[in-house]
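Each remark here refers to the structure printed beneath this line.
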Amino acid sequence: MSTKNMKRILVTGATGQIGSELTVELRKKYGGENVIAAGHRRKPSEKLLSTGPFEYVDVTQKDSVEKVVEKYDIDTIYHLAAVLSAVGEQKPQLAWNVNMNGLYNILEVAREHNMIRVFWPSSIAVFGPETPRVKTPQDTVLIPTTMYGVTKVAGELLCNYYFIRFGLDVRCVRYPGIISSETPPGGGTTDYAVEMFYEAIKKKRYTCFVREDTVLPMMYMPDCIKAAIDLMEADPSKIKHHVGYNVTGMSFSAGELAAEIKKHIPEFECEYKPDFRQKIADSWPMSIDDSVAREEWGWKPDYDLASMTKDMIEKLTRRFAEGRL
Ligand SMILES: NC(=O)c1ccc[n+]([C@@H]2O[C@H](COP(=O)([O-])OP(=O)(O)OC[C@H]3O[C@@H](n4cnc5c(N)ncnc54)[C@H](O)[C@@H]3O)[C@@H](O)[C@H]2O)c1
């Protein structure tokens, strides 16, 4: 299927950390009126409202999804609406409902409307304490200990099932922690990596909720968007996996991130007070082997710790100076 066939795109979770930036990129690429942003409760940004259509959708209600799909004749969905890991541990029933029933509704509506393609982000949360933590391979033990991880494993299996049983072209990546400067993250375990930048700029100090030696895989937003769009544009013959592809950008400890920020803001001080999220972080990989994604559809990240830090600090400093942080 060529990209020419992808005309009417729905993005769920469009007001979230990833959705707010991915939607704008998709609009640049496919035309503003062809990319419908779907939010839920949270007020959309001016940028989201001014660049194309916006609708409210509750993904746990199938008719709510259906109404928008039919109104705009949608043929492609980027399904980003979810409850993330830390909130999911506080509210496991909500996480199950939004993540599982939401995905099921999206897949059903996509099947019933013969859609071209669906993108759904899984996560490194599919891995658990029994998974090898260094250079975690594509095919390995998936026994997570968080509700979020449970919904991501079950979701991957459901996506794969819809491909095998109904021929629905669902494509997934297992994102690591995503770092970005536009919209703050919505309650995940890797949020400290984003908060550290904001607080370094605003207050020159930060109290980190994981230990200094906690190493997790991460990715900068431009690479996160590139992974989604490149995977969705890849020729179907290249896509051999319809469970999540391992993808990563970089791995660093919380202390290494603080040291990198200090190179730009020498007064910056970071202290460490681990909370319940430490246990989640300790159950996840430290680094990811993404060679399968590299081989099958040419995945390659652009940013490392140094280039990401430089760009984040430039962007946030500018926003802080303009009073927009
Ligand atoms: N940000 C990360 O570090 C990261 C890492 C791995 C995977 N992911 C995945 O990427 C996707 C997007 O993540 P994000 O960081 O942008 O999350 P986010 O929390 O910033 O945004 C999620 C959005 O989902 C919406 N939502 C919640 N319940 C809903 C419902 N019932 N109906 C419709 N919308 C609802 C929320 O309003 C929110 O805007 C999720 O599937 C997440 O699991 C994110």
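The values are calculated or read from the model by the stated rules, or taken from the named source; none is laboratory data. Every value quoted in this text rests on a predicted model; they were computed, and no experiment measured them. Heads up, the Cβs are rebuilt from the backbone with ideal geometry, glycines too, and the neighbour counts pull from every protein chain shown. Just the protein is used for accessible areas: all its heavy atoms, side chains included, with ligands, DNA and RNA removed. Shrake-Rupley method; radii C 1.70, N 1.55, O 1.52, S 1.80 Å.
Key figures for this structure:
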item	result
Qualifying residue in the range 141-150 (condition: open to solvent by less than 20 Å² (accessible area, probe 1.4 Å), free of Cβ contacts under 8 Å to residues at least 60 places away in the same chain and not hydrophobic (A, V, I, L, M, F, W, C))	no
Pair list, Cβ < 6 Å and 6+ apart or interchain, from the range 92-114 residues that are within 10 Å of the ligand (Cβ to nearest atom) to residues that are among the small types (G, A, S)	A95/G88; N99/A82; G102/A81; L103/G155
Filter result for K226 (more than 30 Å from F166 (Cβ to Cβ), among the charged types (D, E, K, R) and assigned to a helix (DSSP H, G or I))	no
Answer residue from the range 169-204, given it is part of a loop (DSSP other than H, G, I, E, B) and of a type in the set (S, T, Y) and is farthest from the ligand (Cβ to nearest atom) among those	S181
In the range 244-278, the residues that are open to solvent by 60 Å² or more (accessible area, probe 1.4 Å) and free of Cβ contacts under 8 Å to residues at least 40 places away in the same chain	K262, P266
Residue tally, condition in a strand (DSSP E or B) and closer than 19 Å to R165 by Cα, over the range 78-125	4
Checking V150 against (1) touching an Asp or Glu at 6+ places or on another chain (Cβ under 7 Å); (2) closer than 30 Å to E296 by Cβ; (3) not small (G, A, S), the condition it does not meet	(1)
Number of the condition not met by L158 [criteria: (1) open to solvent by 10 Å² or more (accessible area, probe 1.4 Å); (2) in a strand (DSSP E or B); (3) not hydroxyl-bearing (S, T, Y)]	(2)
Options R319, R294, R324; residue that is open to solvent by 70 Å² or more (accessible area, probe 1.4 Å) and not in a loop (DSSP other than H, G, I, E, B)	R294
Residue check, E199 surrounded by fewer than 18 Cβ atoms within 10 Å (Cβ to Cβ), more than 24 Å from I77 (Cβ to Cβ), out of contact with any Ser or Thr (no Cβ under 7 Å at 6 or more places or on another chain) and free of Cβ contacts under 8 Å to residues at least 24 places away in the same chain	no
Residues that are surrounded by fewer than 17 Cβ atoms within 10 Å (Cβ to Cβ) and either within 11 Å of the ligand (Cβ to nearest atom) or of a type outside the set (K, R) (or both), drawn from the range 15-52	E25, G31, G32, E33, R41, R42, K43, E46, L49, S50
Out of K62, K71, sole residue that is open to solvent by 70 Å² or more (accessible area, probe 1.4 Å) and of a type outside the set (A, V, I, L, M, F, W, C)	K71
Residue in the range 164-184 that is closer than 21 Å to W297 by Cβ, in contact (Cβ under 8 Å) with a residue 24 or more places away in the chain and open to solvent by 40 Å² or more (accessible area, probe 1.4 Å) present	yes
Of the criteria (1) farther than 28 Å from D304 by Cβ; (2) part of a strand (DSSP E or B), which one I164 fails	(2)
Close pairs from the range 43-60: first in the same structural domain as N105 (by TED's automatic domain parsing), partner acidic (D, E), Cβ under 8 Å, at least 6 apart	G52/E33; P53/E33
